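Q: Pasting a structure below so you can have a look.
The values are calculated or read from the model by the stated rules, or taken from the named source; none is laboratory data. These figures come from a predicted structure and were not determined experimentally. Every residue, glycine among them, receives a Cβ derived from its backbone with ideal geometry; neighbour counts consider all protein chains shown.
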Amino acid sequence: MTNIEQLYNEWKSLQPLKDEDLLRLNRKFMLEFNYNSNHLEGNTLTYGQTEILLLFGKVVDAANMKDLEDMKASNVGLNMMKEEALSEYPLTETFVRQLHKTILREDYTVYRQLPGGQQTSYVVHAGVYKTRPNSVITRTGERFEYASPEETPSLMTDLIQWYKEEEAKGELTLAELCALFHYRYIRIHPFEDGNGRIARLLVNFILARHDYPMIVVKSADKENYLNALGTCDSFVGTAPSAGAHAEIGQIRPFVEYIEKCIERALITCIKAAKGESIEEDDDFIKEARIAQRMKKQEDAEAASAKHKCAEEVWNVLEYVFLPLSEEFCKAVDGLNSVFRFSYIEKSNRLSKTADAKGGLHVNEVLRNYNDSQLNDYIDNAQSMWFTCKMMSPQEPRRPDFSLEKAFYVRFFDDHYFVDGILNKNFPYGKYPSEAEKQQIVLQFKKDILEEITNKM
């Protein structure tokens, strides 16, 4: 039995983990992966900035806007990859391109100065295979070519098909499968940018699909990572087609590197499962610096804090309440198409009190509409309510019942409160993320469906 197998068996024997241990393990991996994978590609955010951005949605210290957006997109891509890995769907080129589009977000233009001083530019396409040749200059000053744009589609088709077949055969160890997939993918280099990030995401796709903990390639270990790949190149040869069809015996240095990463990940997981610390030597210093930055940020925010006013109520109505209400209505309509209720009532109301009694019905943003009653409610709003009531399906064989569901936003002097799964205060000027809104909608659907099921 290999060391990896022994560690894996120990890891499995300790499951299920306590909620708090699972939370700190998932948090550590999320931060470590996003920070290191992007840092390897030149992202300038510090670990502390990454943590504050991804955990709290805040920006501290001076930061490049592209680096901030890249880091947020990276985390979306990571979640997208994990969800796909846990599904029953096979790996496809379509998913790989979708993943690439997610982390790059949009097309952008790169400007370069040629050795002779001339300016040139090209467009990097998100989610599209490369349209121009790409290469890298080695440490010896030689140009190392990847697959041509013309070769790339067929080579990617071959790669995905090979992976499916090799996984089904089960002749390679998991580390070998991950390493060989990563190596072949990198030698194709199918996109104009983002290839390293996609390669590391797909390695973790394979690991997660086999119920193994995911790995992090440390930016501090970049030299060893690249040396392992470069050593394999000397065995495989420089021809792109040779790299895209490399054999396992040619890439042993990289297999060994991936094995060490898997072992490190398993050891961390085992420590977490045992309730032991999973902090690394410099984590304490990182946390101290983060705490210091957060305090400065909070002090700055307190100094410029916004207070309740008509404009802020309008903003919450437009950016938070009505979009959520629209999704709630879609959910109710979807349920009605299945169960065919005899009566449905849905309403959005502005209230001058903390409850939903009375109030003013509102279904759209009318900021510039000269309606004295509407403006009065906006000026004096204490809460916003979405309520729905459903009664007895039309089918006679279904039992009679009544179901009511509500969602609300409460206004206070220096913040507003969002009901639902969040149960969270927000300062004026800050709004729930798209992920948080999705959480609220999903919980709303789940609650109603469970209640219907229980009553029927």
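Q: Could you tell me how many of the residues in the stretch 426-456 are free of Cβ contacts under 8 Å to residues at least 12 places away in the same chain and under 16 Å from Ser383 (Cβ atoms)?
A: 1
Q: Among the listed residues Phe411, Phe386, Phe341, Phe407, which satisfies the condition of being touching a residue at least 60 places away in the same chain (Cβ under 8 Å) and over 21 Å from Glu311 (Cα atoms)?
A: Of the residues listed, the single one that is touching a residue at least 60 places away in the same chain (Cβ under 8 Å) and over 21 Å from Glu311 (Cα atoms) is Phe407.
Q: Given the residues Val123, Val96, Val110, Val136, which is the only one that is touching a His at 6+ places or on another chain (Cβ under 9 Å) and among the hydrophobic types (A, V, I, L, M, F, W, C)?
A: Residue meeting the stated conditions: Val136.
Q: Farther than 19 Å from Gly420 by Cα, in contact with a helix residue (DSSP H, G or I) (Cβ under 8 Å, 6 or more places away or on another chain) and not in a loop (DSSP other than H, G, I, E, B): is that true of Asn375 in this structure?
A: Yes: the conditions hold for Asn375.
Q: Continuing with the same structure: Which pairs do you get when a residue that is within 9 Å of Ala179 (Cβ to Cβ), found in the stretch 235-260, comes within reach of a residue that is part of a helix (DSSP H, G or I) and acidic (Asp, Glu), reach meaning Cβ atoms under 8 angstrom, with the pair 6+ apart or on two chains?
A: Filtered contacts from the stretch 235-260: Ile248/Glu176; Val255/Glu176.
Q: Could we say that Asn43 is crowded, with 21+ Cβ neighbours inside 10 Å and part of a loop (DSSP other than H, G, I, E, B) here?
A: Here the answer is yes, as Asn43 does meet what is asked.
Q: Here are some residues: Lys437, Lys405. Which one is surrounded by 14 or more Cβ atoms within 10 Å (Cβ to Cβ), in contact with a strand residue (DSSP E or B) (Cβ under 6 Å, 6 or more places away or on another chain) and of a type in the set (D, E, K, R)?
A: Lys405
Q: Which of the residues spanning the stretch 347-379 are loosely packed, with under 15 Cβ neighbours inside 10 Å and aliphatic (A, V, I, L, M)?
A: Passing the criteria: Ala354, Val365, Leu366.
Q: With respect to the numbered conditions (1) in contact (Cβ under 8 Å) with a residue 60 or more places away in the chain; (2) within 33 Å of the chain's Cα centre (by Cα), which one is the sole condition not fulfilled by Asn375?
A: Just one mismatch for Asn375, condition (2).
Q: Go through the residues of the stretch 11-26 one by one and say whether even a single one is part of a helix (DSSP H, G or I), touching a residue at least 40 places away in the same chain (Cβ under 8 Å), over 18 Å from Asp211 (Cα atoms) and of a type outside the set (Gly, Ala, Ser).
A: yes
Q: Next up: Quick one: Thr102 ticks every box in (1) modelled with pLDDT under 90; (2) of a type in the set (Ser, Thr, Tyr); (3) within 17 Å of the chain's Cα centre (by Cα) except a single one, so which number is it?
A: Every listed condition holds for Thr102 apart from (1).
Q: Hey, can you tell me all the residues within the stretch 110-136 that are surrounded by fewer than 16 Cβ atoms within 10 Å (Cβ to Cβ), within 26 Å of Ser74 (Cβ to Cβ) and hydrophobic (A, V, I, L, M, F, W, C)?
A: Hits for the stretch 110-136 are Val110, Val123, Val136.
Q: Next question, about the same structure. Condition check: aromatic (Phe, Trp, Tyr), under 30 Å from Lys424 (Cα atoms) and buried (at least 18 other Cβ atoms within 10 Å of the Cβ). Does Tyr8 satisfy that?
A: Criteria not met by Tyr8.
Q: A follow-up question, please. For the stretch 77-97, what are the residues that are surrounded by fewer than 15 Cβ atoms within 10 Å (Cβ to Cβ), farther than 17 Å from Val216 by Cβ and either within 12 Å of the chain's Cα centre (by Cα) or of a type in the set (Lys, Arg) (or both)?
A: Glu83
Q: Here is a follow-up. Being touching a residue at least 12 places away in the same chain (Cβ under 8 Å), among the polar types (S, T, N, Q) and part of a helix (DSSP H, G or I) is the filter here, so list the residues in the stretch 85-104 that pass it.
A: Gln98, Thr102
Q: Could you tell me which numbered condition Trp314 fails, if it satisfies all but one of (1) buried (at least 18 other Cβ atoms within 10 Å of the Cβ); (2) assigned to a helix (DSSP H, G or I); (3) touching a helix residue (DSSP H, G or I) at 6+ places or on another chain (Cβ under 7 Å)?
A: Of everything listed in (1) buried (at least 18 other Cβ atoms within 10 Å of the Cβ); (2) assigned to a helix (DSSP H, G or I); (3) touching a helix residue (DSSP H, G or I) at 6+ places or on another chain (Cβ under 7 Å), Trp314 misses just condition (1).
Q: Go through (1) loosely packed, with under 12 Cβ neighbours inside 10 Å; (2) acidic (Asp, Glu); (3) modelled with pLDDT of 85 or more; (4) in contact with a strand residue (DSSP E or B) (Cβ under 6 Å, 6 or more places away or on another chain) for Asp400 and report which single condition fails.
A: (3)
Q: I'd like to check something: does the stretch 410-421 contain any residue that is closer than 19 Å to Lys330 by Cα, in a loop (DSSP other than H, G, I, E, B) and either modelled with pLDDT of 90 or more or of a type in the set (Gly, Ala, Ser) (or both)?
A: yes
Q: Further question on the same structure: Scan the stretch 146-163 and report the pairs whose first residue is farther than 14 Å from Gly243 by Cβ and whose second residue is basic (Lys, Arg) and outside any helix (DSSP H, G or I), with Cβ atoms within less than 6 Å and a gap of 6+ or a chain change.
A: Every condition considered, the pairs that remain are Pro149/Lys130.
Listed here are the residues, each with its yes/no results for (1) under 18 Å from Leu78 (Cβ atoms); (2) among the basic types (Lys, Arg); (3) in contact with a helix residue (DSSP H, G or I) (Cβ under 7 Å, 6 or more places away or on another chain).
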| residue | (1), (2), (3) |
| --- | --- |
| Pro190 | no, no, yes |
| Gly194 | yes, no, yes |
| Arg200 | yes, yes, yes |
| Met214 | yes, no, yes |
| Asp221 | no, no, no |
| Cys232 | no, no, yes |
| Ile248 | no, no, yes |
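Q: Going through Asp158, Asp107 one at a time, which residue ends up being in the same structural domain as Ser234 (by TED's automatic domain parsing), of a type in the set (Asp, Glu) and surrounded by 15 or more Cβ atoms within 10 Å (Cβ to Cβ)?
A: Checking each option against the conditions leaves just Asp158.
Q: Checking Tyr431 against (1) more than 30 Å from Asn79 (Cα to Cα); (2) part of a loop (DSSP other than H, G, I, E, B), only one condition comes out false. Which one?
A: (1)
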